[in-house]
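Data first, discussion second: the structure below is written as structure tokens.
The values are calculated or read from the model by the stated rules, or taken from the named source; none is laboratory data. What you see is a predicted model, and the numbers here were worked out from it, not measured in a lab. Here the Cβ positions follow ideal geometry from the backbone for every residue, glycine too, while neighbour counts run over all protein chains shown.
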Amino acid sequence: MLKRDATIVLLDPAVPYAGGIPTRKNITYVVTHPCHPALFREQKTLEARRDFFGGIAAVQDIVIALIKGSEQDFNKAQKLCCEMFAPVDNCYRVTLEQMAILEPALSEVIGCAAASILKEAVDVAVTCGVPKEAAKSFILGHINISLAIVFGAIEADFSDAAKVAANLGKDWVFKSDWKKVFKPEMLRKAIEVMLHPEKVNVQ
């Protein structure tokens, strides 16, 4: 049994967002998650640059949300979370709903899917005769530039031809209504399938 005025720290928003966490009046519930070391963040050491997940040497940000409970206990939990994922630069407070938008919608439904498509595209290029290492180096270098441009890490723009190609890609590769994944009903559906993979064919 939990002691009165205890604080529970959860590491993923999916279950609490889906209403799967029983709560008590005298308990504080907090959920946190690491942002992981950002792609364009400068790291001071080789160990930090190789710490892709964070929590060892690389500086990263985290997000945190108060599900239920007192602000005083939340502040204590926030300090604990920063220590747990140290070294931490920024600790962003969000709502539970906003954290669910970040994960799974933004980081997994969109981010992991996009990364998987890139890897599959490399595999297809290889089947077309391109040497594997050349294809891998080419896409990783080009996607680095593309991300730097669209996220403002550098003052540059795509060429006119690249803009045309990008628009073609959006038409040919992505569904026109893909932004629906951020709607609450789709978010709940994604979490339901993630927690119960046997429902993977849910439309």
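List of remarks:
- A residue that is outside any strand (DSSP E or B), modelled with pLDDT of 95 or more, hydrophobic (A, V, I, L, M, F, W, C) and closer than 22 Å to Q98 by Cβ occurs somewhere in region 9-21.
- Condition met for A14 (crowded, with 19+ Cβ neighbours inside 10 Å and more than 28 Å from I191 (Cβ to Cβ)): no
Each row is one residue, and each column tells you yes or no for (1) assigned to a helix (DSSP H, G or I); (2) within 26 Å of R188 (Cα to Cα); (3) at pLDDT below 95.
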| position | (1), (2), (3) |
| --- | --- |
| N26 | no, no, yes |
| T32 | no, yes, no |
| A38 | no, no, no |
| E47 | yes, no, no |
| G55 | no, no, no |
| L66 | no, yes, no |
| F74 | yes, yes, no |
| A77 | yes, no, no |
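- Hits in region 79-93 - residues which are crowded, with 18+ Cβ neighbours inside 10 Å and either more than 20 Å from Q43 (Cβ to Cβ) or of a type in the set (F, W, Y) (or both): C81, F85
- Residues that are surrounded by 11 or more Cβ atoms within 10 Å (Cβ to Cβ), among the charged types (D, E, K, R) and at pLDDT below 95 within region 145-178 comprise just one, K170.
- Number of the condition not met by I110 [criteria: (1) part of a helix (DSSP H, G or I); (2) touching a residue at least 12 places away in the same chain (Cβ under 8 Å); (3) not assigned by TED's automatic domain parsing to the domain that holds N144]: (3)
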